[in-house]
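I have placed the structure first, in the form of structure tokens, so that the comments after it can refer back to it.
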Amino acid sequence: GAGVSQTPSNKVTEKGKYVELRCDPISGHTALYWYRQSLGQGPEFLIYFQGTGAADDSGLPNDRFFAVRPEGSVSTLKIQRTERGDSAVYLCASSLTAGGPVDTQYFGPGTRLTVL
Amino acid sequence: AQTVTQSQPEMSVQEAETVTLSCTYDTSESDYYLFWYKQPPSRQMILVIRQEAYKQQNATENRFSVNFQKAAKSFSLKISDSQLGDAAMYFCAARWSGNTPLVFGKGTRLSVIA
């Protein structure tokens with residue numbers, strides 16, 4: 001596609017449930033990033049992938065959060081036993097490579113997760 | 001810790017006027033990249049402008065320009081001839097060499113008054 005796409009656009013779930021958020025990066029981009037944006041804050045890094053492997057997952061808040069990118073393209077962010085504090089906009093970004101001097105991250109429209 | 005600070009939660013500007021948004025950062029690195037992103041109500045983060053720290057010349061993109069003061073660790077965004085479509089949240093962000101995730105400030109909400 002022309003840009004980064006994310007589905008669903010909005011997700012409402014109940015406390016304790018499991019959710020999956022999907023990101024489809026720009027075609028050909030090898031690096032993929034997940035960020036979380038709480039209300040009134042800037043995005044905060046969660047995890048990034050270079051190809052299929054998680055190159056840095058230091059931003060994941062706890063072991064309820066997990067992400068995969070099995071074929072080096074689409075990525076899924078998985079949240080187990082959701083808590084009300086997980087409510088936020090989850091942003092995905094991709095870049096041609098990771099860390100190069102001309103790498104720019106292009107963002108998707110985000111998924112707004114609401115945990116009731 | 002490497003941080004990015006935006007000290008103006010909200011700013012407003014008259015249509016066709018010029019406004020400057022402030023950003024400072026803290027790092028001991030000498031090689032890094034700085035960005036301004038715009039986030040309208042649609043939530044899509046849109047890259048406005050970028051600056052490589054090793055370049056002395058300030059970046060410009062049409063009506064958008066930056067004032068990069070490396071010694072002061074300051075990276076302000078100037079918007080000239082402001083338009084109604086410029087109204088949005090603006091985030092300053094940095095990427096340190098060898099550490100690819102972006103670090104964002106808290107944002108500045110810009111209103112444009114007709």
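Tell me whether segment A:94-111 contains one or more residues that are among the aliphatic types (A, V, I, L, M), at pLDDT 95 or above and either outside any strand (DSSP E or B) or crowded, with 20+ Cβ neighbours inside 10 Å (or both). No, segment A:94-111 has no match at all. Could you please let me know if A:Gln105 is in contact with a Ser or Thr (Cβ under 8 Å, 6 or more places away or on another chain) and in contact (Cβ under 8 Å) with a residue 40 or more places away in the chain? Judged against the criteria, A:Gln105 is a match. Filtering segment B:88-113 to residues that are at pLDDT 95 or above and more than 14 Å from the chain's Cα centre (by Cα) leaves B:Ser111, B:Val112, B:Ile113. Could you list, ordered by first residue, the pairs with Cβ atoms under 9 Å in which the first is in segment B:52-67 and in contact (Cβ under 8 Å) with a residue 40 or more places away in the chain and the second is of a type in the set (Asp, Glu) and part of a strand (DSSP E or B), at least 6 apart or interchain? As it stands, the answer is none, since no pair meets every condition given.
Restricting A:Arg22, A:Arg81 to residues that are of a type in the set (Lys, Arg), more than 10 Å from chain B (Cβ to nearest Cβ) and not in a loop (DSSP other than H, G, I, E, B) narrows the list to A:Arg22. List the residue pairs whose Cβ atoms are under 8 Å apart, where the first residue sits in segment B:86-114 and is without any contact (Cβ under 8 Å) to a residue 24 or more places away in the chain and crowded, with 19+ Cβ neighbours inside 10 Å, the second is of a type in the set (A, V, I, L, M) and part of a strand (DSSP E or B), and the two are 6 or more positions apart or on different chains. These pairs meet every condition: B:Thr100/A:Ala31; B:Thr100/A:Ala55. Candidates B:Ser65, B:Ser111, B:Ser82: the one that is more than 28 Å from A:Arg112 (Cα to Cα), more than 14 Å from chain A (Cβ to nearest Cβ) and in a strand (DSSP E or B) is B:Ser65. For segment B:32-51, filtered to residues that are of a type outside the set (S, T, N, Q), without any contact (Cβ under 8 Å) to a residue 40 or more places away in the chain and assigned to a strand (DSSP E or B), the residue that is surrounded by the most Cβ atoms within 10 Å (Cβ to Cβ) is B:Ile49. When you look at A:Leu91, is it within 14 Å of another protein chain (Cβ to nearest Cβ) and either farther than 27 Å from B:Leu34 by Cα or basic (Lys, Arg) (or both), yes or no? Considered against the rule, which asks whether it is within 14 Å of another protein chain (Cβ to nearest Cβ) and either farther than 27 Å from B:Leu34 by Cα or basic (Lys, Arg) (or both), A:Leu91 comes out as no. Of the residues making up segment A:58-76, one or more are away from chain B (no Cβ under 14 Å), among the hydroxyl-bearing types (Ser, Thr, Tyr), surrounded by 21 or more Cβ atoms within 10 Å (Cβ to Cβ) and part of a strand (DSSP E or B). Of all the residues in segment B:9-26, those that are away from chain A (no Cβ under 11 Å), surrounded by fewer than 17 Cβ atoms within 10 Å (Cβ to Cβ) and either assigned to a loop (DSSP other than H, G, I, E, B) or under 12 Å from the mean Cα position of the chain (by Cα) (or both) number 5.
The values are calculated or read from the model by the stated rules, or taken from the named source; none is laboratory data. Just so it is clear, the structure is predicted and the values come from calculations on it, not from any experiment. Every residue, glycine as well, gets a Cβ built from its backbone with ideal geometry; the counts of neighbours run over all protein chains shown.
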